[in-house]
Amino acid sequence: MTIFEITLFWFHIAPTWYGLMYALGFIAGFFIIRSRRILSDPELESLVMYVFSGVVLGGRLGYVLFYNLAYYLEHPLQILQTWQWGMSFHGGVVCV
């Protein structure tokens, strides 16, 4: 379910509630770790990028394995097309 939809020139933007929660989680985690000075700024930026990549890749892999494995075994290039299907999320599916 999208929050709102905007089209700017040829670019369509339609964020979902799941996407908003992902973004808020990353932003909150970044600021909490930075305020506690657990890591230096370069280490924190690297950590955030690794966590973000892991969430996106892991979510997509979870969707492929648990929701539609037979289809993706027949069409392996479709795994990379995240804009057409979704990502696995505990309790639901996120359409990217």
### Message
Among the residues that make up segment 17-27, is at least one of them more than 24 Å from Met1 (Cβ to Cβ), surrounded by 12 or more Cβ atoms within 10 Å (Cβ to Cβ) and either of a type outside the set (S, T, N, Q) or over 10 Å from the mean Cα position of the chain (by Cα) (or both)?
### Response
no
### Query
Right, Leu61: closer than 24 Å to Leu20 by Cα, surrounded by 12 or more Cβ atoms within 10 Å (Cβ to Cβ), out of contact with any strand residue (DSSP E or B) (no Cβ under 9 Å at 6 or more places or on another chain) and not polar (S, T, N, Q) or not?
no
## Note on the structure
Listed by first then second residue, the pairs whose first member lies in segment 40-58 and is under 13 Å from Gly29 (Cα atoms), whose partner is exposed (fewer than 14 other Cβ atoms within 10 Å of the Cβ) and modelled with pLDDT of 90 or more, with beta carbons under 6 Å and at least 6 positions apart or on separate chains, are none
### Message
Name the single residue that is surrounded by the fewest Cβ atoms within 10 Å (Cβ to Cβ) among those in segment 64-85 being part of a helix (DSSP H, G or I) and of a type in the set (Phe, Trp, Tyr).
### Response
Phe66
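Take the residues in segment 35-54 that are among the small types (Gly, Ala, Ser) and assigned to a helix (DSSP H, G or I); name whichever of them is farthest from the chain's Cα centre (by Cα).
Only one residue tops the list, namely Ser35.
The values are calculated or read from the model by the stated rules, or taken from the named source; none is laboratory data. Nothing here was measured: the structure is a model prediction, and the numbers come from that model. Virtual Cβ from ideal backbone geometry, glycine too; neighbours counted across all protein chains shown.
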